[in-house]
Structure formats: structure tokens, C-alpha cells
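Some notes on the structure that comes next.
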Amino acid sequence: MTQAFVGVNAVPFNQAGLQALMQHCEGAQAWHFLRWPHTVKLAAGHLQSDDFDCAEGQMFNRDCELRWKRKKDQYEVLMLATDFVADEALQRLGEIWTTQDLACDFFLSTETRLPKGIKYPEDFDVKQRHFGQRYFVDDATGTVHFIALRAL
């Protein structure tokens, strides 16, 4: 287990602020999971400008996951990271967080729990271990509060 950072934005971001934070965190192996009311999409690399019309999404890599929800033209943000230097834009939640890394499986694109399935990149194989999950545990209570995706 390692010590970690959990934080939220003190003031809502506009799209430019969200993009700047994403660029700060992306790294080489960034993935995005985007959700609209009618569909969900997994994408690698940088987002296209029309992807920001999604209701909510997350960007994740080996070290962090950034989650956002759009409310009109503003974004609420949650940062879950193992190695992150906080700035004034993010307010730390809780005192001490530790993490535990575990394996995970992805849904097939035909999964019936998701009415329209998931849009994966064309060359994506859900049976390979591209991803894992990371539990964020509050040291004071021993409770898992967040489960983040992580790229392997």
C-alpha cells in the first residue's frame, strides 16, 4: 500500500481549466471513459473537442484517475492519485489515504447491463489485461471510499 492524494476542485472548472488539468496528469498511457445518457465510450490518447459534450467522464493512467461531471458549462472534478502535487485548484479530502492495486475485467461490448454496449477502440481486446483497479482506503476508518481505474 502507498500513500495517496484525493481531492476535489474548490471552484468549478470551465472546459479550458479541465483540459489544462488533464494535460498536467495525462502522461503517455492516458485513457478516457466517457458517458452520455445514451452511450459510453472508451478512448485512448487525447480527447477530441466534441468529446467534452459528455455528461461525465474520467481520464486515467498508471498513476491517477481524474473524474468530472459537467453542469451546464462548468465541471466538478475528483482527483484520485498515487503521485500528485496538489495545487490551489484542488482541495485535499481527508487526511491520509492508502491504496491497494488489484486486477479487473472489462465488460464485453455486448454486455446486456449496458443497453447499447460500450464503444471500444477498434484494436482493443477486452480479454487482455490493459487495466486494473485501485482501492483508496481512508486510514482513519479502514474504509474503501473510492475505486479508480488504472492503466497497466
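The values are calculated or read from the model by the stated rules, or taken from the named source; none is laboratory data. These numbers were taken from a predicted model, which means no experiment stands behind them. In this analysis, Cβ positions are derived from the backbone assuming ideal geometry, glycine residues included, and neighbour counts consider all displayed protein chains.
With the checklist (1) modelled with pLDDT of 85 or more; (2) surrounded by 14 or more Cβ atoms within 10 Å (Cβ to Cβ); (3) not polar (S, T, N, Q) in hand, flag the one item ALA55 doesn't pass.
(2)
When residues of segment 28-57 are filtered for being outside any loop (DSSP other than H, G, I, E, B), out of contact with any Lys or Arg (no Cβ under 7 Å at 6 or more places or on another chain), closer than 22 Å to GLY17 by Cβ and among the small types (Gly, Ala, Ser), how many remain?
2
Could you tell me which of the residues HIS32, HIS46 is surrounded by fewer than 15 Cβ atoms within 10 Å (Cβ to Cβ) and over 26 Å from THR141 (Cα atoms)? Can you show your working first?
Details: HIS32 fails: surrounded by fewer than 15 Cβ atoms within 10 Å (Cβ to Cβ).
None of the others qualify; the one that does is HIS46.
Going residue by residue through segment 67-76, is there one that turns out to be farther than 18 Å from PHE13 by Cα and either among the aliphatic types (A, V, I, L, M) or part of a strand (DSSP E or B) (or both)? I'd like the intermediate steps shown before the answer.
Looking only at segment 67-76, we keep the residues that are farther than 18 Å from PHE13 by Cα, and these are none.
Within segment 67-76, not a single residue is farther than 18 Å from PHE13 by Cα and either among the aliphatic types (A, V, I, L, M) or part of a strand (DSSP E or B) (or both).
Can you name the number of the only condition in (1) loosely packed, with under 14 Cβ neighbours inside 10 Å; (2) touching a helix residue (DSSP H, G or I) at 6+ places or on another chain (Cβ under 8 Å) that LEU66 fails?
(1)
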